[in-house]
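Participant: Below: one structure in structure tokens.
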Amino acid sequence: MNKPSPNPQGPPRWADRLLSWLTPTELLEELQGDLQEQFAQRLDQVGPRRARWWYGLEALKVIRPYYLRRRLARLAHWQRGFFPKRPATTRPLITPEYSSSPLINPDMIRNYFKIAWRNLWKNKGYSSITILGLAAGMAVAMLISLWIWDELTYDHYHKNHDRLAQVMTTLVRNGGELTTNRFVASPLGNELRANYGSDFENVSMASMIQSRELAAGDKKITAKGMWVEANFPSMLTLNMLKGNINGLEDPSSILLSASVATSLFGDADPLNKVLRIDNQANYTVAGVYEDLPHNTTLNEAKLFIPWGKYVSMVDWVKESMKHWDNKSFQCYVQLNDHVDITKETAKIKLTSMAHLNAASDGQEELVLQPMNNWRLYSEFKNGKVAGGRIQFVNLFAIIGIFVLLLACINFMNLSTARSEKRSKEVGVRKAVGSLKNQLVSQFLSEAMLIAGIAFLFALLFAQLVLPLFNTLSDKQMTLPLGHVFFWIVCVGFTIGTGLLAGSYPAFYLSRFDPLTVLKGTYRVGRFASLPRKVLVVVQFSVSITLVIGTIIVYKQIQFAKNRPVGYNRESLLAVYMTTPDLFGHYDAMRSDLLATNVVENMAESSSPVTSVWSSQIGYSWEGKDPATQPSFGTVSVTQDYGKTIHWQLKEGRDFSKDFNDSNSIILNEAAVKLTGLKNIVGKTIRKDDKNLIVVGVVNDMVMESPYAPVTPTIFLVNPGWVNVIYVSMKAGIPLPDALGKLAKVFEKYNPAAPFDYTFIDEEYAQKFSDEQRIGNLAAFFAALAVFIACLGLLGLASFVAEQRKKEIGLRKVLGASVFSVWNLLSKEFMFLVVFSFLFSVPLSYYFMNNWLQNYEYRTTLSWWVFAGAGIGALMITLATVSFQSIKAAIANPVKSLRTE
Amino acid sequence: MSRTYLGEFEELVLLAVALLEQQPTGAYGVSIADELKQRTQRTTSVTGVHVVLYRLEEKGLVGSVLGGATLARGGRRKRLFTLTADGHQVLREMRQLRMGFWEALPTPFFS
């Protein structure tokens, strides 16, 4: 076939391409020839433009069912080699290779769907059980996929997420253990720029995310923000709604998120407006950016303030720029395109050590933590990345797959169970010439139809449950209904589920031998129900395992919650001292607060009682092993601290104004244990050049993770080093009144800021939020798994009851009691559940034991958890099965025996 | 359903095949489309005519051979259709059917 040269006067090229694409191969030559001949005629009659137009139009008309079907058939034929090849010169009247293959013949497929629809309609009960179960499974899979997607694309909002990294510090702590944290010293930024400038596109120092008091006119709000260098917003590729992304180059400017801008300025244009922060300095709004979405690590930061201003305005920050041992800052970098992060880490790891003294400051190394790891691989163990949330992602992926599998198993079970009813249909179809493949595709298309309906329901369920799921998982997800990709995945997913769920029945049913089936001698063999039983066992094993896992997660949370805390959390209020106005009025404020009559006591300290912000090394004592350099959590408090939080003094005395406590310290039990000293009260501990006298010992207090052992902590009195004010309220006073009175006092001393407080019991409860969330999610999924499994059981039980209807009728006529019939029907299922219980016990023991190893303060795997789950499963099964079996047992035998 | 059931367009195409296979051009897509256009004054698409021809062939009313490549066709062969005995039979039956109706009508109906 000679190709026409590309001729501007010739037929349009695209039309030819379309033709060769869509026309059945064997027809292309004659059809294209005809069109070209016609084109040549038209060229003479109406000129090239019209002729080309006509040609294109004719080519487009190839898109019609007849050609498409032949084209598809041809493709299918070519792929399957279904029919022998024939010579193409003369064609016989019936040309099998050119007509549709029966496997994809549209008429047959239409027929399959019609039969499938009739079957669904005829057995409404089974159909709804199948569809409901499948829909629940698919909805769960959908929600979990959404959750996983959200986790996997965490921080992908930042366009440079592949090249951004945070500089972390790995420190050698007590006894050679390595700990990694995000704190670095402030000169690091300039040092990296100076020495490795060619490797980094951007380097920015930053503060922690902290609360700031913002005031614009009369409006005062609290918002979290970060001090960052001018290039930081462009590193994060913030989406600027107004103003300039490089606005922070001017040290008296500020970038606000849209939400903060709206709450401060309403609808007015915020650009170039002036606002005051912490009653310290004024800033001009240089830009407004779209709030960082919920699935970004830095989404809490609602404003960015220039680093330059921080350094010039805050004295201790200015001072820190000269020192490498004050590690209170963060450093973010953007690597150049060609730079490998592992190699770069090796290059820079000793940058800070070059300025430190190993003997007095301890050994440390810098590590680059890429942004892609921030969320999922955030935990370090001994200086190496040791997982993190990725474990939950894997866990939920497994759960999702299992729940979907359970739903598919239901489907398989119900359809194979009902196969006997359809065996006649299979027999007839085979007898009139159905091929096995045709039957397979019939049952597959039936499964596909069910999966399709279930998918629609699943979409509805997912949409309805999503708000609840978002609360449970602390996310803001939506179904991306507008995305083509989502639909492609969903359709693929539905077809996949349909194939998975339909494969077993399809191959099982199509294997029937028509002769035996039609003769009526077909009986399901003794072992025909074996696969079905195995599937039920799998279903219940998974469900019981999930239930046991959930109970243990809750038990662990409860165990940690019941741990003796060592202080009183009730009606204890904390106010973080974010503005300078709050400092230096301790006694005056205290007496004003006590004068309100609602306050029991008030104190200040350097770390909130729910965490330890500072730990120090350099303590020594009599008998200390000089080779070790243990670190102690160090908390500075005022003398009233103990009485305010109600710590429990074990030995010695509390701090008191009656003594000069400037050199006194109080240790917690863990600290006493670490020193190894007996009768410690009155002994001396040296810190640098100071002699500190131990005046008391308090019971351990859970200040950090409730799952970890208590940090050895030293309390000392240093009124100049405080960050938090505590107010303990008198019992039995209505909260709103009391808070109103407190607010008045705080407004007096801190006029620039709103009265912003937290309750310690709430803050303490926060420590459980991660585990609580996992517990809730696991409970959610376990409940669904049990629900799906029970649905399946319900279907099977009703099937068995119906199948044995006659038998039951006969038994009753011959005098069987309701109980014995019930026993007959229920026994088999109970046996299966007991069996699966035996499977799930070791399985869940193994997994939950592993999980508990993550916690140092952990609950035990009590036998009653397993027993309880087993009995619970048995009860639910009994209830489900009894519903059907009792119905069958009390039915009037006349009804079942009358026919025939 | 009768094997010989034909739609109006199918009947016209079949008639065109009967007419053109006697002539030197032969009956193939373009000539049939031209003939129909000339006689019915409606635009007929070649691809549409082909579909009908293939259907007629599947029904066994026409047969075909390949041949007659020309330069205007870019060297491509054409499929030349001929009436089969069945095709003749069907046309004859159709004509008789219509004639029967016309004869039954009273003469002054159309004159």
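The values are calculated or read from the model by the stated rules, or taken from the named source; none is laboratory data. None of the values given here were measured: they were computed from a predicted structure. When we count neighbours, we look across all protein chains shown, and the Cβ atoms used for this are built from the backbone with ideal geometry, even at glycine. All accessible areas refer to the heavy atoms of the entire protein, side chains included, with ligands and DNA or RNA removed. Shrake-Rupley method; radii C 1.70, N 1.55, O 1.52, S 1.80 Å.
Participant: Report A:TRP864's accessible area, 1.4 Å probe, all protein chains in place, as a number in Å² to the nearest 10.
Facilitator: Around 130 Å² of this residue is reachable by solvent.
Participant: Report the charge-dipole magnitude of the range A:174-293 in Debye, nearest 20, computed about the Cα centre from +1 at each Lys and Arg Cβ and -1 at each Asp and Glu Cβ.
Facilitator: 320
Participant: Is the C-alpha gyration tensor of the range A:164-374 telling us rounded, prolate or oblate? Criteria: a/c under 1.5 is rounded; beyond that, a/b larger than b/c is prolate, otherwise oblate.
Facilitator: prolate
Participant: Name the shape class, rounded, prolate or oblate, that the alpha-carbon gyration tensor gives for the range A:309-369, where a ≥ b ≥ c are the square roots of its eigenvalues, rounded holds for a/c under 1.5, and otherwise prolate holds if a/b is larger than b/c and oblate otherwise.
Facilitator: It is oblate, given that a/c is not under 1.5 and a/b is not larger than b/c.
Participant: Counting only heavy atoms of protein chains, what accessible area per residue, in Å², does chain A have with a probe of 1.4 Å?
Facilitator: Spelled out: the 1.4 Å probe surface of chain A, per residue, equals 47 Å².
Participant: Treating each Cα of the range A:572-766 as an identical point scatterer and ignoring solvent, apply the Debye formula and state log10 I(q)/I(0) at q = 0.09, 0.19 Å⁻¹.
Facilitator: Rounded to two decimals, the profile gives -0.35, -1.34.
Participant: If you wrap the range A:709-753's Cα atoms in a convex hull and average its projection over all directions, what's the area in nm²?
Facilitator: For the Cα atoms of the range A:709-753, the hull's average projected area reads 5.8 nm².
Participant: Mind computing the radius of gyration and Dmax over the alpha-carbon atoms of the range A:28-71? Å is fine for both.
Facilitator: Computed over the Cα atoms of the range A:28-71, radius of gyration and Dmax are 11.7, 35 Å.
Participant: Report A:THR180's accessible area, 1.4 Å probe, all protein chains in place, as a number in Å² to the nearest 10.
Facilitator: Its accessible surface works out to 30 Å², give or take rounding.
Participant: Kindly point out which whole DSSP H helices in chain B project their C-alpha atoms 27 angstrom or further along the helix axis while averaging a Kyte-Doolittle hydropathy of -0.5 or above.
Facilitator: none
Participant: Could you tell me what percent of the DSSP beta bridges with both partners in the range A:572-766 are antiparallel, to the nearest 5?
Facilitator: Roughly 75 percent of the DSSP beta bridges within the range A:572-766 come out antiparallel.
Participant: Would you mind telling me the share, in percent, of accessible area of chain A contributed by carbon and sulfur at probe 1.4 angstrom?
Facilitator: Values: 25080 of 42480 Å².
The computed percentage sits at 59.
Participant: Still on this model: Compare the Cα positions of B:LEU80, A:LEU832, B:GLN41 along the charge dipole of the protein assembly as shown (+1 at Cβ of Lys, Arg; -1 at Cβ of Asp, Glu; about the Cα centre) and return the one farthest towards the positive end.
Facilitator: B:LEU80
Participant: Tell me the net charge near B:THR25. Cut-off is 12 Å between Cβ atoms, B:THR25 excluded, with +1 for each Lys or Arg and -1 for each Asp or Glu.
Facilitator: Working: positive: B:LYS78; negative: A:GLU37, B:GLU21, B:ASP34, B:GLU35.
Surrounding charge for B:THR25 is -3.
Participant: Here is a further query. For chain A, take the longest principal axis of its alpha carbons; what is the angle in degrees between that and the long axis of helix A:863-890, to the nearest 10 within 0 to 90?
Facilitator: 30
Participant: In whole angstrom, note down how far apart the Cα centers of the range A:367-432 and the range A:184-240 are.
Facilitator: The range A:367-432 and the range A:184-240 have Cα centres separated by 42 Å.
Participant: I would also like to ask the following. Put +1 on the Cβ of every Lys and Arg and -1 on every Asp and Glu Cβ in the protein assembly as shown; which of A:PHE655, A:MET313, A:LEU238 then has its Cα farthest towards the positive end of the dipole?
Facilitator: Toward the positive end, the furthest listed residue is A:LEU238.
Participant: Further question: What number, in percent, do you get for the relative contact order of chain B if the mean sequence gap of Cα pairs under 8 Å and at least 6 apart is divided by its residue count?
Facilitator: Numbers: 110 pairs, mean separation 27.4, N = 111.
25 percent.
Participant: Right, something else. If I fit a long axis through the Cα atoms of helix A:484-509 and take the longest principal axis of the Cα atoms of chain A, what angle between them do I get, 0 to 90°, rounded to 10?
Facilitator: Taking Cα atoms only, the helix is inclined about 50 degrees.
Participant: Note down the relative contact order for chain A as a percent, whole number, built from C-alpha pairs under 8 angstrom at least six residues apart. Mind dumping the intermediate values first?
Facilitator: Values: 1412 pairs, mean separation 118.8, N = 900.
The value is 13 percent.
Participant: What number do you get for chain B when its Cα radius of gyration is normalised by 2.2 N^0.38 Å, N = residues? If you can, show how the numbers build up before the last one.
Facilitator: On the way: Rg = 15.7 Å, N = 111, 2.2 N^0.38 = 13.2 Å.
In units of the globular-protein estimate, chain B measures up at 1.20.
Participant: Ok, one more. Please compute the net charge surrounding A:ILE341, taking Lys and Arg as +1 and Asp and Glu as -1 over other residues with Cβ under 11 Å from its Cβ.
Facilitator: Around A:ILE341, the surrounding residues sum to -1.
Participant: Okay, moving on. Over 28 Å between Cα atoms, which of A:LYS555/A:LYS624; A:LYS650/A:LYS744; A:LYS273/A:LYS302; A:LYS122/A:LYS430; A:LYS224/A:LYS748 qualify?
Facilitator: Violating the 28 Å limit, Cα to Cα: A:LYS555/A:LYS624; A:LYS650/A:LYS744.
Participant: Using alpha carbons only, how many degrees (0 to 90, rounded to 10) separate the axis of helix A:13-22 from the longest principal axis of chain A?
Facilitator: 70
Participant: For B:TYR5, B:TYR28, write out the residues from largest to smallest accessible area, computed with a 1.4 angstrom probe and no ligands counted.
Facilitator: Per-residue accessible area, sorted high to low, gives B:TYR5, B:TYR28.
Participant: Need one number: % antiparallel among DSSP beta bridges in the protein assembly as shown, to the nearest 5.
Facilitator: Values: 80 of 99 bridges.
Close to 80 percent.
Participant: Enumerate the whole-percent occupancy of each 5 Å bin, from 0 to the last occupied one, for all C-alpha pair distances of the range A:766-879.
Facilitator: 2, 9, 14, 18, 15, 12, 9, 7, 5, 4, 3, 2, 1, 0
Participant: Which distance in Å, rounded to a whole number, links the C-alpha centroids of the range A:123-176 and the range A:683-747?
Facilitator: The range A:123-176 and the range A:683-747 have Cα centres separated by 39 Å.
Participant: Please grab the % of Cα pairs in the range A:224-296 that end up more than 22 Å from each other.
Facilitator: Summing the P(r) tail past 22 Å for the range A:224-296 gives 14 percent.
Participant: Continuing with this model, one more query. Chains B and A: how much accessible area gets covered up at their contact, both sides added, probe 1.4 Å, in Å² to the nearest hundred?
Facilitator: Summing both sides, the interface buries roughly 2700 Å².
Participant: Could you size up the charge dipole of the range A:164-374 around its Cα centre, putting +1 on the beta carbon of Lys and Arg and -1 on that of Asp and Glu, and report it in debye to the nearest 20? Kindly include the intermediate steps, with their values, before the conclusion.
Facilitator: On the way: 18 positive and 24 negative charges, 70 e Å.
Roughly 340 debye, rounded to the nearest 20.
Participant: If you don't mind, another one. Along the charge dipole of the range A:225-345, pointing to its positive end and built from +1/-1 on Cβ of Lys, Arg, Asp and Glu, which listed residue (A:TRP324, A:ALA268, A:ASN282) has its Cα farthest out?
Facilitator: A:ASN282
Participant: Once you have a ≥ b ≥ c as the square roots of the Cα gyration tensor eigenvalues for chain A, tell me rounded if a/c is under 1.5, and otherwise prolate or oblate according to whether a/b is larger than b/c. Each step should come with its number before you reach the end.
Facilitator: Working: a/c = 2.71, a/b = 1.55, b/c = 1.75.
Here chain A falls in the oblate category.
Participant: Where does the charge balance sit around A:ASN668 when Lys and Arg score +1, Asp and Glu -1, over other residues with C-beta under 13 Å from its C-beta?
Facilitator: Counting the neighbours of A:ASN668, the net charge comes to -2.
Participant: Further, regarding this structure: Given the DSSP H assignment, sum -39500 (n - 2.57) over each helix run of at least 4 residues in the protein assembly as shown and divide by its residue total; what's the result at 222 nm in deg cm²/dmol, nearest 500?
Facilitator: -16500 deg cm²/dmol
Participant: Where the centre of each part is set by its Cα atoms, how far does the range A:749-824 sit from the range B:1-71, in angstrom?
Facilitator: 69
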